[in-house]
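Student: Sharing a structure below in structure tokens format, with a few things to ask.
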């Protein structure tokens, strides 16, 4: 395997892992919404920066949205904004399917 092939293999694997992580985050939001970014990081076992990046992408794609703040605690003056999935699930599923098909077929 040449260097170019190895680079393509690594790049392809990165895209697959990224899509698996996106699916996991989206599914966690769907199952437990509204949910905080911190909870998503804990539940998914992904690091916070990965979760923040994926949530940012999903917000830009309007698959999820920010909703009311969570409860504040004694150690946290400003509560986390909670994340929820848009209720148009059919539309959301179609968007995901189209995105998946465009990337893999």
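Student: Among the residues of segment 50-70, how many are in contact with a strand residue (DSSP E or B) (Cβ under 6 Å, 6 or more places away or on another chain), under 10 Å from residue 85 (Cβ atoms) and part of a loop (DSSP other than H, G, I, E, B)?
Tutor: 0
For every residue, the table says whether it meets (1) modelled with pLDDT of 75 or more; (2) loosely packed, with under 11 Cβ neighbours inside 10 Å; (3) over 20 Å from residue 27 (Cβ atoms).
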position	(1), (2), (3)
77	no, yes, yes
87	no, yes, no
91	no, no, no
95	no, no, no
101	no, yes, no
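Student: Filter segment 36-68 down to the residues that are at pLDDT below 90 and touching a helix residue (DSSP H, G or I) at 6+ places or on another chain (Cβ under 6 Å) and list them by number.
Tutor: Those that are at pLDDT below 90 and touching a helix residue (DSSP H, G or I) at 6+ places or on another chain (Cβ under 6 Å): 63, 64.
Student: Return a yes/no flag: does segment 37-49 have any residue that is out of contact with any strand residue (DSSP E or B) (no Cβ under 6 Å at 6 or more places or on another chain) and in contact (Cβ under 8 Å) with a residue 60 or more places away in the chain. Lay out the reasoning, then the answer.
Tutor: Step one: filter segment 37-49 for residues out of contact with any strand residue (DSSP E or B) (no Cβ under 6 Å at 6 or more places or on another chain), giving 37-49.
Add one more test, that the residue is in contact (Cβ under 8 Å) with a residue 60 or more places away in the chain, and what stays is none.
Within segment 37-49, not a single residue is out of contact with any strand residue (DSSP E or B) (no Cβ under 6 Å at 6 or more places or on another chain) and in contact (Cβ under 8 Å) with a residue 60 or more places away in the chain.
The values are calculated or read from the model by the stated rules, or taken from the named source; none is laboratory data. These numbers were taken from a predicted model, which means no experiment stands behind them. Methodologically, a virtual Cβ is constructed for each residue, glycine included, from the backbone with ideal geometry; neighbour enumeration extends over all protein chains shown.
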